[in-house]
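The structure under discussion appears below in the form of structure tokens.
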There are 2 protein chains.
Amino acid sequence: MTDQASNNFIWAGTLIHGLAACGVTHAVISPGSRSTPLALACLQHPGMKTWVQVDERSAAFFALGLAKACRQPVILICTSGSAPANWYPAVIEADMGAIPLILLSADRPAELRNCGANQSIDQNQLFGKHVRAFHELPPADSRPEMLPYLRSLAAQLTNQCRWPMPGPVHINVPLREPLVPGGPLPQIADMPPAVASHPAQSLNAEDSAALARELAGGKGLIVCGWGDHGEGFPEAVTTLAHKLACPLLADPLSGLRFGSHERSAILCRYDAFLRRASVQENLRPDWVLRFGAMPVSKSLQQFLAAHSGIPHLVSDAQGRWPDPLHQATRLLRADPVLLCRQLAAEIESATGSSWPEAFQDEEQRAAGLARQNAPLEAEVVQAVLDLLPDGSALFSGNSMAIRDLDAYSGSGSKSLHIIGNRGASGIDGNVSTALGLAAGSLRPMVALLGDLAFYHDMNGLLAARGLDAVFVVLNNGGGGIFEYLPQSQLEDFERAWLTPLGLDFAHAAKMYGLGYQKISRATDFPAALSSALSGGAHLIEVTVEREISVARHRNYWMAVMES
Amino acid sequence: MTDQASNNFIWAGTLIHGLAACGVTHAVISPGSRSTPLALACLQHPGMKTWVQVDERSAAFFALGLAKACRQPVILICTSGSAPANWYPAVIEADMGAIPLILLSADRPAELRNCGANQSIDQNQLFGKHVRAFHELPPADSRPEMLPYLRSLAAQLTNQCRWPMPGPVHINVPLREPLVPGGPLPQIADMPPAVASHPAQSLNAEDSAALARELAGGKGLIVCGWGDHGEGFPEAVTTLAHKLACPLLADPLSGLRFGSHERSAILCRYDAFLRRASVQENLRPDWVLRFGAMPVSKSLQQFLAAHSGIPHLVSDAQGRWPDPLHQATRLLRADPVLLCRQLAAEIESATGSSWPEAFQDEEQRAAGLARQNAPLEAEVVQAVLDLLPDGSALFSGNSMAIRDLDAYSGSGSKSLHIIGNRGASGIDGNVSTALGLAAGSLRPMVALLGDLAFYHDMNGLLAARGLDAVFVVLNNGGGGIFEYLPQSQLEDFERAWLTPLGLDFAHAAKMYGLGYQKISRATDFPAALSSALSGGAHLIEVTVEREISVARHRNYWMAVMES
């Protein structure tokens, strides 16, 4: 017979040991009393690296970044009440972005619910449809038969957050007082948990052959957006593109623009050249094959929308339906790498087609024009890509950051992890996600953010201590992207849409112990970045003159359209 | 036939005009594109005061504070995606704290859902069981019969968020592009919406008479926690206490400690004197009558728990079950003011009882001991109460702030609005809630917060510009309340429970344009507060030596217990 505090610890410990045995190595803990057994179990486990963060919203995005960097589920722990509700934005990004998180919320037991007890809310199904699974534990007791259940639950959780669709799982853990064992902590028995194998998914032989016949010889386009396409995808998809003699339009988050793979089929300037009337008229594809999410480029989307009625094949192995244009003619439920290899094996290499060359010509022309009269942001993007060492991470914020990266990155042989939060594409949690990448050993890490995104998650900077992380904030005085929208003509535009913050981020840098440099000329940026990349956490604020920037972006498009 | 952008505006405008006609006068808007028609409708309405905030989490707590100050529903507007998920912590506090909020989330229409469209998540029932109602609008069209529906919906919404249990309501608003009308904005027809009357609830005559007989002559205790007890409650409940010759134990958030009502029955020092063995043995009540939530005092809860088996009457007009000790013998479903008046009318005044005097003696003794060897926080509380002018608001954070207020406030004739977020009792959103009070014209406003609560919602300070608001941060180097719990003995206590921030808040004050003073001696505080109260937004950081503070709190309890 053990006491309640020991039972709590044994249960929490058995769950945490089980998760660790399934390969989980990081836990992000927010302080609280009720969650003590869970936190204690993580802190005591020799294989668990623990991170402590006070703001649960930032904690959850930090865990998201860690999970992206380590490609494994990350544990989140917090106390009862509104605390886990602060996880919600990151839970939604993890849901939409298919990132595994294991949400362990402490709770009051049944006898303290719905009766006005302090910090007690209804945590059952707190995240609704935005988690892969919800489990409610019973309160801990001393029955030994519960331990195999907890071990098995740990295995089930890690499976549910990884397959068939990665994402968050939520376990609500009611805990009775007392929460701290009086004597030494009980031993937790380590037992191997069940292992769930994930299948390889390939097209069946008939479909594969028919598809190869459909594509071969035609003028096709391969389009790649963000997504976890699997190891070996850059080689597999570029090999396929060559065999099909087709251009490969690669979003900055596709993982294809940078790396040691053969990149001659890869196009990065399509957002500009697809605006050209001659391209729209003359370069009409016979088919489109897409991998991952729809790319960020609006002109690519408009180009695709203009070509309906052709075979439009969408690869998604996990059951999503990534087809916002409602053009898909077939959904291919196979692992992208296997799919590329299957098709490549069926297809004879095409020769002598002028189709890919026409696109390459457009790419070269646009690249040349991009260098003339470039906005400050383009030069910042270029310097970041030039100076980042091999193996670094580049986190891109949404709004203008990802669009500037899209327009101006080009491609290269360096191995870079370009990562964004494009599941829900929010401006929230960007600082913490980026720091999670750095904590997950994608280092050095540079985050390219707008001023609103930086402000929205400024609390996340508390986690920057001891990490190598450089925040490059493109401060264009508010939501600069709105300048490109019809809202910019409204009477209250500045106050209600642009929302300039009027904050001097130098104070934030000082408060959180970040190195700080402020730059307003492109020529000053490389030195600032070089110095920041020498180690530690830094903020480089780049002052962007919004009107000039808008004009230069538009000039580039005009120049491409008229060239 | 009107165009889509005009239809969007007409629909949004009809809804907003309807809400305004139902008495809503404040809208808190976060910037976004999809939400443009809703924002525009609020900005254009002459009776709607609009507030713009970038961080939706802070925006929602600011709206919560506004709703508390104005005692009316407040509109929240944001764009689609993870944006509304940032509202969740405040939605939960509004749910548990019974504060009306009208959540208008913009959304993509059905054809852009579940197909990988950008910033499109499943917003249906986003807040689960934590809202009073969820409505999904159809996309706007030109059918004139929809306008009476929208007007009626506005009336229904304001009713649902006010009665029978105040709280948040969520309306998800899908909007099709284009979102900005090209020409002048269409006129919105103003029509009076339906009015929903809310009933007066009183005990039926038999129950009232029986209850009066049960209470009269016995040694009773009235206990009041936080809650919206209705106008006239202080007079009604103190009159009843006098008729019953019974002490009235009043939580700092009960609204009873300060005001012009007759306060001789009111006790504020029970958290200390109920720890005395002689009190526990000799002052045994025959019955307990409670209003509102269970007070924050742990020793009061333990005292009540020790007296089971006596009539324990709980007043709650709205259907909650505020009985965490599971002792209630009867739930009284009547408006607190009517209930007090009914009972007082039935009861002859008691005379010559020594029962209330015994409690008053304890109160006086504890008050005397509280002044000796007081912790710094006690002197801060005293100075705040002394210096705040009549009609001011005092916002109290959770954790130690509310406990110090409970222990050391005493009572007085000044009219003060002492307000906290005790629905879920989180450390989140405190800065914004406090600023919402100030924006809702409870001015001047002083917020008494711990360092973790201040940090958690530092983003909220962006709204401080132009408001008279003083933040008094009791900086005890982390979660000082944990020092009183067994967690303080754990090996990783400092890192995982106490979590000292190590931040210099002077930088935050500079960044957000707040006046800043740092105080470490009680004698310096009154002058600092006086100067801050002269106008504008200020931060007074009070350095609390945690060990000394803990020792002095404990000394006070020991002195009371041994006196």
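Overview of results
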{"item": "Residue satisfying all of: in region A:524-546; assigned to a helix (DSSP H, G or I) and touching a residue at least 40 places away in the same chain (Cβ under 8 Å); nearest to A:L300 (Cα to Cα) among these", "result": "A:R546"}
{"item": "Options B:P144, B:P184; residue that is within 14 Å of another protein chain (Cβ to nearest Cβ), out of contact with any Phe, Trp or Tyr (no Cβ under 6 Å at 6 or more places or on another chain), over 16 Å from B:I16 (Cα atoms) and of a type outside the set (S, T, Y)", "result": "B:P184"}
{"item": "Tally of residues being part of a helix (DSSP H, G or I) and within 18 Å of B:G450 (Cβ to Cβ) across region B:496-517", "result": "7"}
{"item": "Residue that is within 14 Å of chain A (Cβ to nearest Cβ), within 19 Å of B:I266 (Cβ to Cβ) and touching a residue at least 24 places away in the same chain (Cβ under 8 Å), where the choices are B:G420, B:G397", "result": "B:G420"}
{"item": "Meets criteria (open to solvent by less than 10 Å² (accessible area, probe 1.4 Å), away from chain B (no Cβ under 14 Å) and within 20 Å of A:E363 (Cβ to Cβ)) for A:G436", "result": "no"}
{"item": "Top-ranked residue of region A:422-433 - restricted to ones that are within 21 Å of A:F505 (Cβ to Cβ) and assigned to a loop (DSSP other than H, G, I, E, B), ranked as most open to solvent (accessible area, probe 1.4 Å)", "result": "A:I427"}
{"item": "Yes/no for A:P336 being under 13 Å from A:V223 (Cβ atoms) and touching a His at 6+ places or on another chain (Cβ under 6 Å)", "result": "yes"}
{"item": "Any chance A:P311 is touching a Ser or Thr at 6+ places or on another chain (Cβ under 6 Å) and surrounded by fewer than 20 Cβ atoms within 10 Å (Cβ to Cβ)", "result": "yes"}
{"item": "Residue count, region B:136-160 (criterion: within 28 Å of the chain's Cα centre (by Cα) and either more than 19 Å from B:S35 (Cβ to Cβ) or open to solvent by 30 Å² or more (accessible area, probe 1.4 Å) (or both))", "result": "5"}
{"item": "Residues satisfying the stated conditions in region A:444-473, i.e. in contact with a helix residue (DSSP H, G or I) (Cβ under 6 Å, 6 or more places away or on another chain), assigned to a strand (DSSP E or B) and away from chain B (no Cβ under 12 Å)", "result": "A:M445, A:V446, A:A447, A:L448, A:L449, A:A469, A:V470, A:V473"}
{"item": "Pick from region A:91-104, criterion more than 8 Å from chain B (Cβ to nearest Cβ) and within 26 Å of A:H17 (Cα to Cα), ranking: farthest from the chain's Cα centre (by Cα)", "result": "A:L104"}
{"item": "Extreme residue, farthest from the chain's Cα centre (by Cα), among residues of region A:219-237 that are within 24 Å of A:G352 (Cα to Cα) and among the small types (G, A, S)", "result": "A:G220"}
{"item": "Any chance B:P186 is assigned to a loop (DSSP other than H, G, I, E, B) and within 25 Å of B:D316 (Cα to Cα)", "result": "no"}
{"item": "Pick from region A:293-302, criterion touching a Pro at 6+ places or on another chain (Cβ under 9 Å) and more than 9 Å from chain B (Cβ to nearest Cβ), ranking: most open to solvent (accessible area, probe 1.4 Å)", "result": "A:Q301"}
{"item": "Candidate set: region A:478-525, residues that are of a type in the set (D, E) and within 11 Å of chain B (Cβ to nearest Cβ); chosen: the one least open to solvent (accessible area, probe 1.4 Å)", "result": "A:D492"}
{"item": "Spans of strands (runs of 3 or more DSSP E) in region B:38-110 with at least 3 residues surrounded by fewer than 24 Cβ atoms within 10 Å (Cβ to Cβ)", "result": "B:49-52"}
{"item": "Filtered residues of region A:46-84 (kept if of a type in the set (D, E, K, R) and more than 10 Å from every other protein chain (Cβ to nearest Cβ))", "result": "A:K49, A:K68, A:R71"}
{"item": "Number of positions in region B:53-90 that are small (G, A, S), within 16 Å of A:S82 (Cβ to Cβ) and either at pLDDT below 95 or under 18 Å from the mean Cα position of the chain (by Cα) (or both)", "result": "6"}
{"item": "Tally, over region A:423-432, of residues that are away from every other protein chain (no Cβ under 12 Å) and β-branched (V, I, T)", "result": "0"}
{"item": "Residue check, B:A378 in contact with a helix residue (DSSP H, G or I) (Cβ under 8 Å, 6 or more places away or on another chain) and surrounded by 24 or more Cβ atoms within 10 Å (Cβ to Cβ)", "result": "no"}
{"item": "Among residues of region A:385-416, those that are closer than 26 Å to A:G479 by Cα and assigned to a strand (DSSP E or B), counted", "result": "4"}
{"item": "Filter result (open to solvent by less than 10 Å² (accessible area, probe 1.4 Å), over 21 Å from B:F273 (Cα atoms) and within 22 Å of the chain's Cα centre (by Cα)) within region B:238-258", "result": "none"}
{"item": "Every residue from region B:111-135 that is within 7 Å of chain A (Cβ to nearest Cβ), buried (at least 20 other Cβ atoms within 10 Å of the Cβ) and charged (D, E, K, R)", "result": "none"}
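The values are calculated or read from the model by the stated rules, or taken from the named source; none is laboratory data. Note that this is a predicted model, so its numbers are computed, not measured. Note that we place each Cβ from the backbone using ideal geometry, even for glycine, and neighbour counts take in every protein chain shown. When the accessible area is computed, the model is the full protein with side chains, heavy atoms only, and any ligands, DNA or RNA have been set aside. Shrake-Rupley method; radii C 1.70, N 1.55, O 1.52, S 1.80 Å.
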